[in-house]
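The values are calculated or read from the model by the stated rules, or taken from the named source; none is laboratory data. Because the structure is a prediction, the values reported are computed rather than measured. Here the Cβ is made from the backbone with ideal geometry for all residues, glycine too, and neighbour counts use every protein chain on show.
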Amino acid sequence: MYIRFITPWWQVRRGVHYGLFGPAYDCARDMDVPEVLRAALWEEIGWFNANLPVPRRGCFLVKSRKRWRSDGICWFVDDAREMIAHAFVMAWLLRECGVPVTKVATHRPGQILYRDDYQIVAKPEAATPTTWH
(Lines give C-alpha, C1' and ligand atoms only; values in the text may rest on other atoms or scores of the structure.)
Protein backbone atom coordinates (compact mmCIF):
# COMPACT_ATOMS: atom_id res chain seq x y z
CA MET A 1 0.00 0.00 0.00
CA TYR A 2 1.18 3.53 -0.80
CA ILE A 3 -0.04 6.68 0.92
CA ARG A 4 -0.12 10.27 -0.31
CA PHE A 5 -1.53 13.47 1.14
CA ILE A 6 -2.98 15.85 -1.44
CA THR A 7 -4.30 19.38 -1.40
CA PRO A 8 -6.38 21.35 -3.88
CA TRP A 9 -3.73 24.07 -3.51
CA TRP A 10 -2.97 23.85 -7.22
CA GLN A 11 -2.40 21.21 -9.84
CA VAL A 12 1.18 20.20 -10.55
CA ARG A 13 -0.06 19.27 -13.98
CA ARG A 14 -3.42 18.36 -15.43
CA GLY A 15 -5.08 15.76 -13.24
CA VAL A 16 -2.47 15.72 -10.44
CA HIS A 17 -2.88 17.80 -7.29
CA TYR A 18 0.01 18.90 -5.14
CA GLY A 19 1.14 17.11 -2.00
CA LEU A 20 1.96 18.60 1.42
CA PHE A 21 5.29 20.31 0.93
CA GLY A 22 4.47 23.19 -1.44
CA PRO A 23 1.54 24.41 0.67
CA ALA A 24 3.57 23.88 3.87
CA TYR A 25 6.37 26.14 2.63
CA ASP A 26 3.85 28.75 1.45
CA CYS A 27 1.99 28.79 4.79
CA ALA A 28 5.23 28.83 6.79
CA ARG A 29 6.30 31.96 4.89
CA ASP A 30 2.88 33.66 4.97
CA MET A 31 2.93 36.48 7.51
CA ASP A 32 -0.90 36.32 7.69
CA VAL A 33 -0.62 32.84 9.25
CA PRO A 34 -0.32 32.96 13.06
CA GLU A 35 3.28 32.70 14.28
CA VAL A 36 2.60 29.54 16.30
CA LEU A 37 1.42 27.72 13.14
CA ARG A 38 4.33 29.02 11.07
CA ALA A 39 6.81 27.87 13.72
CA ALA A 40 5.19 24.43 13.91
CA LEU A 41 5.27 24.11 10.12
CA TRP A 42 8.97 25.06 10.04
CA GLU A 43 9.61 22.43 12.70
CA GLU A 44 7.92 19.72 10.58
CA ILE A 45 9.62 20.93 7.39
CA GLY A 46 12.96 20.79 9.19
CA TRP A 47 12.24 17.27 10.41
CA PHE A 48 11.48 16.10 6.86
CA ASN A 49 14.56 17.88 5.51
CA ALA A 50 16.70 15.99 8.03
CA ASN A 51 15.04 12.59 7.65
CA LEU A 52 13.41 12.14 4.23
CA PRO A 53 15.74 11.56 1.26
CA VAL A 54 15.10 13.88 -1.69
CA PRO A 55 14.93 11.95 -4.96
CA ARG A 56 17.12 13.33 -7.74
CA ARG A 57 15.22 15.49 -10.21
CA GLY A 58 15.76 12.86 -12.92
CA CYS A 59 13.75 10.33 -10.89
CA PHE A 60 10.55 12.14 -11.86
CA LEU A 61 11.15 12.03 -15.62
CA VAL A 62 9.41 9.75 -18.10
CA LYS A 63 9.88 9.78 -21.87
CA SER A 64 6.57 10.20 -23.65
CA ARG A 65 6.11 10.94 -27.34
CA LYS A 66 9.83 11.66 -27.72
CA ARG A 67 9.76 14.24 -24.90
CA TRP A 68 10.88 13.99 -21.29
CA ARG A 69 8.08 14.87 -18.89
CA SER A 70 8.18 15.30 -15.13
CA ASP A 71 5.32 12.86 -14.48
CA GLY A 72 6.44 11.19 -11.26
CA ILE A 73 4.62 11.83 -7.98
CA CYS A 74 5.73 10.83 -4.49
CA TRP A 75 4.04 8.29 -2.23
CA PHE A 76 4.98 7.10 1.24
CA VAL A 77 5.40 3.35 1.60
CA ASP A 78 2.95 2.13 4.22
CA ASP A 79 5.59 0.81 6.61
CA ALA A 80 7.29 4.26 6.86
CA ARG A 81 5.21 4.87 9.97
CA GLU A 82 7.29 7.70 11.44
CA MET A 83 7.22 9.61 8.12
CA ILE A 84 3.48 9.12 7.84
CA ALA A 85 2.95 10.25 11.44
CA HIS A 86 4.82 13.48 10.69
CA ALA A 87 2.82 13.86 7.46
CA PHE A 88 -0.40 13.65 9.52
CA VAL A 89 0.94 16.42 11.78
CA MET A 90 1.78 18.55 8.73
CA ALA A 91 -1.68 17.87 7.27
CA TRP A 92 -3.30 18.97 10.53
CA LEU A 93 -1.21 22.16 10.60
CA LEU A 94 -2.16 22.95 7.01
CA ARG A 95 -5.84 22.45 7.82
CA GLU A 96 -5.40 24.91 10.70
CA CYS A 97 -4.04 27.36 8.08
CA GLY A 98 -7.18 26.84 5.97
CA VAL A 99 -5.66 24.44 3.42
CA PRO A 100 -7.80 21.31 2.92
CA VAL A 101 -5.80 18.07 2.92
CA THR A 102 -6.90 14.53 2.22
CA LYS A 103 -5.09 11.22 2.52
CA VAL A 104 -5.29 8.80 -0.38
CA ALA A 105 -4.00 5.26 -0.51
CA THR A 106 -3.52 2.81 -3.35
CA HIS A 107 -2.01 -0.53 -4.21
CA ARG A 108 -1.53 0.75 -7.78
CA PRO A 109 0.59 3.91 -7.78
CA GLY A 110 1.70 3.36 -11.38
CA GLN A 111 5.11 2.78 -12.88
CA ILE A 112 7.68 3.05 -10.08
CA LEU A 113 10.55 5.35 -11.09
CA TYR A 114 12.37 5.57 -7.74
CA ARG A 115 12.28 3.80 -4.39
CA ASP A 116 13.93 4.25 -1.00
CA ASP A 117 13.04 3.01 2.48
CA TYR A 118 10.33 5.64 2.97
CA GLN A 119 8.85 6.57 -0.39
CA ILE A 120 8.46 5.89 -4.05
CA VAL A 121 8.15 8.13 -7.07
CA ALA A 122 5.70 6.72 -9.59
CA LYS A 123 4.17 7.73 -12.90
CA PRO A 124 0.44 7.45 -12.16
CA GLU A 125 -1.91 5.18 -14.08
CA ALA A 126 -5.48 6.05 -14.99
CA ALA A 127 -6.72 4.30 -11.82
CA THR A 128 -4.25 6.05 -9.49
CA PRO A 129 -5.91 8.58 -7.12
CA THR A 130 -4.17 11.88 -7.88
CA THR A 131 -6.77 14.63 -7.47
CA TRP A 132 -8.83 16.17 -4.73
CA HIS A 133 -12.44 14.93 -4.67
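Among the conditions (1) at pLDDT below 95; (2) part of a helix (DSSP H, G or I), the only one that C74 does not satisfy is (2). Quickly run through the stretch 75-100 and pick out the residues that are over 22 Å from V54 (Cα atoms) and within 12 Å of the chain's Cα centre (by Cα). None; the set is empty. A50: assigned to a helix (DSSP H, G or I), surrounded by fewer than 15 Cβ atoms within 10 Å (Cβ to Cβ) and modelled with pLDDT of 95 or more, yes or no? Yes; evaluated as a whole, the condition is true for this residue. Scanning the stretch 19-37 for residues that are part of a helix (DSSP H, G or I) and hydrophobic (A, V, I, L, M, F, W, C) turns up F21, A24, C27, A28, V36, L37. Within the stretch 97-125, the set of residues being touching a residue at least 40 places away in the same chain (Cβ under 8 Å), under 16 Å from G19 (Cα atoms) and out of contact with any Phe, Trp or Tyr (no Cβ under 9 Å at 6 or more places or on another chain) comprises C97, P124.
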